[in-house]
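Asks: Sharing a structure, written as structure tokens. Questions coming.
The values are calculated or read from the model by the stated rules, or taken from the named source; none is laboratory data. Since this is a predicted model, take the numbers as computed values, not measurements. Cβ placement follows ideal geometry from the backbone for every residue including glycine, while neighbour counts extend to all protein chains displayed.
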Amino acid sequence: MGVIEILLQDEHNVFMWLSQYGTLTRTQVMRLLRDKPPKTAGKIIRNLKRQLLITESSDSFFISADPPSKPDPRMISAVWVLLRFIDGDKPVEHYPADYPAQIFFLKNNIGYEIVVIYDGEQHLTRLLQPEDGLKYIIVAPNIQVLQECKLPKAPCLLATVEDNGGDDPGVTFYSGGQSNGR
């Protein structure tokens, strides 16, 4: 019986998220364990470290299942959006998505893809393949990048992730160019 087979469900989930998404911030991992108090989430992380399944950066800011991996800024932003979008709702299934999207998730039987773009990459939205029952969340560092995008012929929500110097960046959602304050 391998180590992965004897992990508790929450430990398995953390290991799976880090294996799928790569390096995440400690705050993101704690928030993905949404139904656990911070003390319990911390114990889950410590147990995985003790079993040598995950590592933390020297400042304990980043957590990874693969020690040499570096944080992918796109994935970090996509996970922040996922966390904000599903805050307060029942657990939602989420997975890595196909390029150019970062994350796919289901909420209320509707599929969502989170696509993170940077200035000069607005053309990436043309690679999206709209389907019935699929919505996009297009994410950028600022609203100016989003305003220059050609949106796909599918329902889209726009979001910005702006570093505010803390552990938890500012995420703002927009619909039709207007902020909906989420």
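Asks: With respect to L134, determine if the residue is touching a helix residue (DSSP H, G or I) at 6+ places or on another chain (Cβ under 8 Å), closer than 25 Å to A154 by Cβ, assigned by TED's automatic domain parsing to the domain that holds G170 and not charged (D, E, K, R).
Replies: So L134 does not fit the description; no.
Asks: Follow-up. What residue, among those in region 118-153 that are within 19 Å of H94 (Cβ to Cβ) and touching a Pro at 6+ places or on another chain (Cβ under 7 Å), is surrounded by the fewest Cβ atoms within 10 Å (Cβ to Cβ)?
Replies: Applying the filter and picking the extreme gives K135.
Asks: Further question on the same structure: Where in region 7-120 are there helices (runs of 4 or more DSSP H), lying fully within it, with 3 or more residues that are of a type in the set (A, V, I, L, M) and touching a helix residue (DSSP H, G or I) at 6+ places or on another chain (Cβ under 7 Å)?
Replies: In region 7-120, 26-32, 38-50, 73-86 are the helices (runs of 4 or more DSSP H) which contain 3 or more residues that are of a type in the set (A, V, I, L, M) and touching a helix residue (DSSP H, G or I) at 6+ places or on another chain (Cβ under 7 Å).
Each row is one residue, and each column tells you yes or no for (1) in contact with a His (Cβ under 9 Å, 6 or more places away or on another chain); (2) more than 17 Å from V161 (Cβ to Cβ); (3) in the same structural domain as G166 (by TED's automatic domain parsing); (4) without any contact (Cβ under 8 Å) to a residue 40 or more places away in the chain.
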| residue | (1), (2), (3), (4) |
| --- | --- |
| K39 | no, yes, no, yes |
| I44 | no, yes, no, yes |
| L83 | no, no, yes, no |
| F104 | yes, yes, yes, yes |
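Asks: Based on what the data block shows, is Y112 surrounded by fewer than 19 Cβ atoms within 10 Å (Cβ to Cβ) and aromatic (F, W, Y)? Break it down into steps so the answer makes sense when it comes.
Replies: On the way: surrounded by fewer than 19 Cβ atoms within 10 Å (Cβ to Cβ): no; aromatic (F, W, Y): yes.
No; evaluated as a whole, the condition is false for this residue.
Asks: Checking N108 against (1) closer than 18 Å to A159 by Cβ; (2) modelled with pLDDT under 85: exactly one of these is not met. Which one?
Replies: Every condition holds for N108 apart from (1).
Asks: A further question follows. Select from region 11-36 the residues that are over 16 Å from L82 (Cβ atoms) and at pLDDT 90 or above and write down the one among them that is surrounded by the most Cβ atoms within 10 Å (Cβ to Cβ).
Replies: Once the filter is applied, the top-ranked residue is E11.
Asks: Of the numbered conditions (1) in contact (Cβ under 8 Å) with a residue 40 or more places away in the chain; (2) over 21 Å from E162 (Cβ atoms), I76 fails exactly one; give the number of that condition.
Replies: (2)
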